[in-house]
Amino acid sequence: MCAAGCLNPRSHDDERIRKGPDFPIQMNNRIAGIGMTSQRTRMRMIERLRDQGVKDEIVLNAMAEIPRHIFVDEALASRAYDDVALPIGFGQTISNPFTVARMVELARGGRILNKVLEIGTGCGYQAAVLSRVAREVYSLERLAGLLSKARVRLRDLGIRNIKLKHGDGHAGLKDKGPFDAIVMAAAATHLPEMLAEQLCDGGRLVLPLGTREQRLVLVERNGDGFTQSVLDPVKFVPLIAGMST
Ligand code: SAH
């Protein structure tokens, strides 16, 4: 399909992604959850996502597997499966489950993904979901404090196919690309061309675009050309230039 390192359906083990990566999520009582954080509560969230129009079973399976309550403060754990955005510290938020599902579904576009880049690791939840639908995930975060907490959570869950990096997502990760998909978890004011250039042929970039009024935008690469579709209204924290501790 495109240059080395990208989507190659013939050499790719579809089944492995369909069933999830080889290494299962490591379970203990806290991770498995009880009551408002139990698997049953998680499955109710999945049913709600279906009702809201999420159709991609691979995405739904991924979200059924990842314990969202582990990614928020313990005091908020009982709300982790509600359809709300939640604070994750440092003035940032984790998107509501529908927005995560929608973005990952758009990024996948029904394909098996090899390499994916996320801009804005935050608490690490979306990266964890991506780790179940892609072979390799890179995630960039500008705030070192959030990144180190995400690193501990992902390690505790036994997720090993995510590489977290401290950096400004505006530039992407040229040396690790090209990517089958790039997902931005913070709103840009204009289309970041440098990121679009890091897509494979056939690759997809999903991002919130705008300031007060924001829309989800899907950019698809076809050879040297790009098509852009403007989709749902959304509300994200802004993409901010530079790094911080
Ligand atoms: N995907 C995240 C959502 C995080 S919110 C999750 O599942 O929790 C958006 C994140 O983008 C914030 O953590 C913010 O610090 C980060 N961010 C904002 N501008 C950035 C930039 N230029 N580069 C990297 N990360 C950025």
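Here is the figure for the range 61-107: residues that are more than 10 Å from the ligand (Cβ to nearest atom), surrounded by fewer than 20 Cβ atoms within 10 Å (Cβ to Cβ) and aliphatic (A, V, I, L, M) total 4. Selection of the range 187-216 for residues being away from the ligand (no atom under 16 Å from the Cβ) and either closer than 28 Å to Leu86 by Cβ or among the aliphatic types (A, V, I, L, M) (or both) yields Leu199, Arg204, Arg212, Glu213, Arg215. For beta carbons closer than 6 Å, sequence separation of 6+ or different chains, a first residue in the range 229-245 that is under 18 Å from Ala196 (Cβ atoms) and in contact (Cβ under 8 Å) with a residue 60 or more places away in the chain and a second that is near the ligand (Cβ under 7 Å from one of its atoms) and assigned to a loop (DSSP other than H, G, I, E, B), the qualifying pairs are Leu239/Ala186. In the range 131-151, the residues that are within 22 Å of Ala107 (Cα to Cα) reach residues that are of a type in the set (D, E, K, R) and part of a helix (DSSP H, G or I) with C-beta atoms within less than 9 angstrom, at least six apart or across chains, in these pairs: Arg132/Glu65; Val133/Arg108; Ala134/Arg108; Arg135/Arg16; Glu136/Lys176; Tyr138/Lys176. Note on the range 173-186: among residues that are part of a loop (DSSP other than H, G, I, E, B) and closer than 19 Å to Ala150 by Cβ, the one that is farthest from the ligand (Cβ to nearest atom) is Leu173.
Note on the range 108-121: among residues that are more than 21 Å from His166 (Cβ to Cβ) and in contact with a helix residue (DSSP H, G or I) (Cβ under 8 Å, 6 or more places away or on another chain), the one that is farthest from the ligand (Cβ to nearest atom) is Ile112. Checked against the criterion of being crowded, with 17+ Cβ neighbours inside 10 Å and within 16 Å of the ligand (Cβ to nearest atom), the range 218-226 has no qualifying residue. For the range 122-138, residues that are within 21 Å of Ala64 (Cβ to Cβ), more than 7 Å from the ligand (Cβ to nearest atom) and not hydrophobic (A, V, I, L, M, F, W, C) total 3.
None of the figures in this text is laboratory data; all of them are computed from the coordinates on show. In this text, all values refer to a predicted model and were calculated from it rather than measured experimentally. Counting neighbours? That spans all protein chains shown, and the Cβs are built from the backbone with ideal geometry, glycine included.
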